[in-house]
Amino acid sequence: PPGLYIVATPIGNLGDLSPRAADILSRASLIAAEDTRVTAKLLRHVGSERPMTPYHDHNADRVRPGLIERMRVEAIALVSDAGTPMISDPGFKLVRDARATGAHIVTIPGPSAAIAALTLAGLPTDRFLFLGFLPSKEKARADSIAEVAAIRASLVLYESGPRLGATLAALVKGLGSRDAAVAREISKAFEECVTGTLAELAERYAEHGPKGEIVIVVGPPGDAPPPEVDDVDALLREALDRLP
Ligand code: SAM
C-alpha cells in the first residue's frame, strides 16, 4: 500500500538485511536514499531495480514536499547508507511531515550500530543515553560531556578512527575513569570490542586511531552500592546516642 516505509539496512554484513527489508526494497515505487551509490550496491544484492532519489541533509528541505505528495499514492522507502534511518542519519523531518499529512508510516526495524555495540560491551543496558557524534570543537565537546556527566545511565557515542583518541581523552576529563568499551567494525571481518577504563582506552588509542567505524560505550557513573540496611540502622543508633 502507499505510504512511507522506513527500512533499516546492514551496518556491514549484508546477511543482516531482513527478508522484509529486501521485499520492500524490491517493491517500493521509489527509494529515498542518503547516498544512491551506496544503496545501489544493496539493491544489486537483492536484485532490485527500483528507482532511487537522493535524500540527504543538503537537499532534504527541497525534495521533502514532493516525497510527502507521492507517498499518498505510492510506496516510498527511506534508507540511509547503513543501519537505521534517523539514528545519526537523515529522516526525522520526513516522518514528522508525513505524520502531519496522515500518511501511512511503516518501519522495518533492523541493525543499528548503537544497539549492536551495547550488546557487545558488557556494560549496563537497562538505562542508556545515545549521544550520536559529539561536536568536534574542543569547547563544545567538553560542554556536551559536562551536560551528561551526572546522568545515571550508560552513554553511547559514535566516532571515527582519527578522532577516537581525542574523544576518549575528553571523556576521561569530563567523566573521570569509568568502565567503557570501544566497539569497531561490528558485523564485519575485523569486528572487535576492546574494554577497559576510559583512562586505559584513552591511553591505548592516544597515538593513532584505529581504522573503521566505531562506537564508544561508557558505563554509568560511580557504582558505589547503596548502604546495607543494617549499616543504616547502626548509623541511626549512633546518631541517636549522640543526641543530648
Ligand atoms: N544510522 C546508523 C545506525 O543505525 O547505526 C548510523 C549512521 S552514522 C552516520 C555512522 C556511524 O555509526 C559511524 O561513524 C560509526 O560510529 C557507527 N557505525 C556504523 N556502522 C558501524 C559498524 N559496523 N561498527 C561500528 N560502528 C558503526
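We did not get these values from a lab; they are worked out from the coordinates using the rules stated. Not measured: the values here are computed from a predicted model. As a convention, Cβ positions derive from the backbone with ideal geometry for all residues, glycine included, and neighbour counts pool all protein chains shown.
Annotations
- Value of relative contact order over the chain, rounded to a whole percent, pairs C-alpha under 8 Å and six or more apart: 20 percent
- Distant alpha-carbon pairs in the stretch 121-225 (separation over 17 angstrom), percent: 47 percent
- Using alpha-carbon coordinates, inclination of helix 60-70 to the longest axis of the chain, degrees: 60 degrees
- Karplus-derived 3J(HN,Hα), 6.51/-1.76/1.60, for each residue of the stretch 118-123, Hz, glycine and proline x: 4, 6, 8, 6, x, 10
- One chain, two ends: Val148 and Glu74. Fully extended at 0.36 nm per residue, the span grows by 22.4 nm beyond their Cα-Cα distance.
- Once the Cα gyration tensor of the stretch 1-121 is diagonalised, semi-axes √(5λ) in Å: 22, 16, 13
- Spin-label pair Arg37-Lys139: with each label point 7 Å from Cα along the Cα-Cβ axis, the two points sit 3.7 nm from one another.
- Distance histogram in 10 Å bins (all Cα pairs of the stretch 18-78, percent per bin): 23, 53, 23, 0
- Cross-link pairs Lys93/Lys139; Lys41/Lys188; Lys139/Lys211 - those with Cα-Cα distance over 18 Å: Lys93/Lys139; Lys139/Lys211
- Difference of contour (0.36 nm per residue) and Cα-Cα distance, Glu207 to Arg44: 54.7 nm
- Here is the list for the stretch 1-96: GluC sites (Glu not before Pro) lying in DSSP coil, each with at most 11 other C-beta atoms within 10 angstrom of its C-beta, are Glu49.
- From helices alone, the chain scores -12000 deg cm²/dmol at 222 nm; the rule is -39500 (n - 2.57) for each run of n ≥ 4 DSSP H residues, then divide by the residue total.
- Within the shell defined by Cβ-Cβ distances under 14 Å, the residues around Leu43 carry a net charge of 0, with Lys and Arg each +1 and Asp and Glu each -1.
- Between 0 and 90°, nearest 10: helix 36-46 axis offset from the chain longest Cα axis: 80 degrees
- Within a straight-line Cα-Cα reach of under 19 Å, Lys137 can be paired with the following lysines, leaving aside sequence neighbours fewer than 8 residues apart in one chain: Lys173.
- Per the Cα gyration tensor, the chain maps to an equivalent ellipsoid with semi-axes of 43, 22, 17 Å, ordered largest to smallest.
- Summed residue charge, Cβ within 14 Å of Gly165's Cβ, Lys/Arg positive, Asp/Glu negative: +1
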